[in-house]
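All of the numbers you see were taken from the coordinates with simple rules; none came from a lab. Computed from a predicted structure; not experimentally measured. So basically every Cβ, Gly included, is an ideal-geometry build from the backbone, and we count neighbours across all protein chains shown.
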Amino acid sequence: MTLYVIALTLIILGVMGMPLFAIILAVAMTGFYFQGIDLSVIAIEIYRLADTPLLMALPLFTLAGYIMAESRTSQRLVNLTEAFLGWVPGGLGIVSLFTCAIFTAFTGASGVTIVALGALLYPALKNTSYGKNFSLGLVTTSGSLGLLLPPSVPLVLYGIIAQQLNLGVEIKISDLFLAGLLPGLLMIVLLALWSLWSIRGRPIPRASFSGKKALASLREAFWEIPLPFFVLFGVYGGFLAISEAAAVTAIYVIVVEVFIYKEVKISQLAAIIQKSMVVCGGILLIIGVSLASTNYLIDAEIPMRLFTLIQAHVHNKYVFLILLNVLLLILGAILDIFSALVIMVPLILPVAVGYGIDPVHLGIIFLANMQIGYLTPPVGMNLFISSYRFQLPVAEIYRATIPFMLVLLLALVAITYWPDLSLVFLNR
Amino acid sequence: MGKADQQASGYHRIQLFLRRVEDSLLVALVLMIIGMAVTQILLRNVFDTGIFWGDVMVRILVLWIGMVGAMVASRKGEHISIDILSRYLSLRYQKLVSSLVEFVTFLICSVTAYYSVKLVIGEFEYGENAFAGVPFWLCEAIIPFAFSVIALRYFLLSIHNFTRINKIAS
């Protein structure tokens, strides 16, 4: 009885806007208290932040993303993709999708893609056959496109949480990176086809390919182009652990943007570090306290009980997956992606493994849902960022974005029910 | 200038000073972690050697970055939360709700701080080193410290919002 009252109180406090770390702490405290365990265990669990080598990737990839967002990387990326893909029929739409996906993979779906790239792409898109409404939808959707592509931070975080659960299955971050490739590409390709379909019968915007322009854009982005390649080469060549790849990325980006392009001044660097680490601090704190609550959940065998409970009603893996998608889409709209990961993965992953779903595949399903959650009315975050950035009413953004959301839902169905799309590159 | 004003500006100055210390510490920790990580990679891949306590230090730095970052995030109560309710409330009720929620956060952080102090004291008596002569208790000390600061800040936020309730005409 007391437990139910506490649980209800915490849920109400949560909806009232109490910081998530405090709620998770309260859950852990209540749990350990009723098990008669000294609450110092919570500090011990938080200290485990220092026992997880992979976690270093989080602040360092975030920092690299923030620095790139502050420099003119976005402009160079647009020039580059435009020069090389602009000649394709419907070019600019496709250029936008690719650029945003790559940019989001590096900067995280924090909304910075809409703010930095959207501002460049939207005015250009609007003046083509795509028109205002379509362009708005495309830019809003692109804000979370690329979440499945390496080295996206949410993918790394999923891997870290999954590893804490000791499921007896190996879950490597490098496997998650490989698994995200095709599903991420599928989303881009489907959206590109939808873009082409939407302008059928109208003059197709295309530019002619210019070797001179291509060369100029290549030269311009000379220092940034190698970045994705040496991250991938370092990791899959066995030279770098993921966390080390993050360190190399951070130092490389600092050197390139501060000393070569000189777009970020040394005096600005401190402010950027501070800004990015405040965000990271919030996330690391939630991870730390959730190590404690997860430990309690496992101790109390709650995922097992949950599995038994669900299995009594849902006998079929595919029905489970449908229900999972519905749940995650709702959560993705309400919670931000990092909180959703630390709260839901410890509960859902053991259940999913019970149904015979591969943990790597589940990670891709999870993040694909979260990506769509960003666009789900009425509270998806991208909708508000877009409304704020382009100074338009949210209702207009809803209307513009819904068709894109439907296309992504189609991709989600494929990702969920076709495991090989995610697992084809892995030896499983 | 009245005495109260002088006190207020003194309080303000202390706060400003503490903020500078936090900000500089955060930047220093990040530069240290990048420096150490890159040094280790170079030593291993080029010279086939390494600093044997380097990896431990880097991992502890992650904890410190997280804790100091979390302290800074609590200055304006910028921690991640689910905010569905507040946009449907009047300004007056928003203040009331924030004040309440911040007070509970203060309580929870205080309890956490108390129990982490217990852990640090225990570790101090045990007296083992984490790396390169740095004792474990010192590495852990950031946890109670951060939670105390976060608790204090949420307490101040709560009081601040509470005093605003009646100033807003309903």
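Remarks
- Considering the stretch B:5-143, its Cα convex hull presents a mean projected area of 12.7 nm².
- Sorted largest first, extent of the stretch A:38-423 alpha carbons per principal axis (Å): 65, 48, 40
- Zone of A:Gln35's modelled label, taken as backbone nitrogen in the stretch B:104-125 under 13 Å from a point 7 Å along Cα→Cβ: none
- Exposure proxy ranking, count of Cβ atoms within 10 Å, fewest first, for A:Tyr374, B:Tyr114: B:Tyr114, A:Tyr374
- FRET efficiency estimate (nearest 0.05) - Cβ-Cβ, A:Ala207 to A:Asn133, R0 22 angstrom: 0.45
- Choice from A:Val407, A:Val319, A:Val153 showing the highest fluctuation, given a GNM over chain A with Cα pairs closer than 10 Å: A:Val319
- For a straight C-alpha distance cut-off of 24 angstrom, the lysines reachable from A:Lys126 (same-chain residues fewer than eight places away being disregarded) are A:Lys213.
- The stretch A:83-215 - charge dipole about Cα centre, Lys and Arg +1 at Cβ, Asp and Glu -1, debye rounded to 20: 700 debye
- Set of aspartates and glutamates near A:Lys275 by C-alpha distance (under 13 Å), chain-local residues within fewer than 8 positions excluded: A:Glu70, B:Glu22, B:Asp23, B:Glu78
- Computed about the Cα centre, the dipole magnitude for the stretch A:139-298 is approximately 740 debye when only Lys and Arg (+1) and Asp and Glu (-1) carry charge, each at its Cβ.
- Ranked list, fewest to most other Cβ atoms within 10 Å of each Cβ, for A:Leu329, A:Leu285, A:Leu426: A:Leu426, A:Leu329, A:Leu285
- For chain B, the residue among B:Gln40, B:Trp64, B:Leu85 whose Cα projects farthest onto the positive side of the dipole built from Cβ charges is B:Leu85.
- Exposure proxy order (Cβ contacts within 10 Å, fewest to most) of A:Phe34, B:Phe106: A:Phe34, B:Phe106
- Amide proton proximity set for B:Ser81, modelled H, under 5 Å, gap of 5+: A:Leu20
- Here's the picture: charge each Lys and Arg Cβ at +1 and each Asp and Glu Cβ at -1 in the stretch A:38-423, and of A:Leu218, A:Asn316, A:Tyr261 the one pushed furthest to the positive end of that dipole is A:Leu218.
- Taking A:Gly168, A:Gly86, A:Gly14 in turn, the Gaussian network model of chain A (Cα-Cα springs below 10 Å) assigns the largest fluctuation to A:Gly168.
- With the simple model of a label 7 Å out from the Cα in the direction of the Cβ, A:Val394 to A:Val189 spans 3.6 nm.
- The angle between the Cα long axis of helix A:302-313 and the longest principal axis of the Cα atoms of chain A comes to about 80 degrees, rounded to the nearest 10.
- Nearest 10 degrees, 0 to 90: helix A:2-15 Cα axis against chain A principal axis: 20 degrees
- Degrees between helix A:394-417 axis and first principal axis of chain A (Cα, 0 to 90, nearest 10): 70 degrees
- Candidates A:Met370, A:Met405, A:Met16: whichever shows maximal mean-square fluctuation once chain A is modelled as a Gaussian network with Cα springs under 10 Å: A:Met16
- Counting only Cβ charges, +1 for Lys and Arg and -1 for Asp and Glu, the dipole size of chain A around its Cα centre is about 1500 debye.
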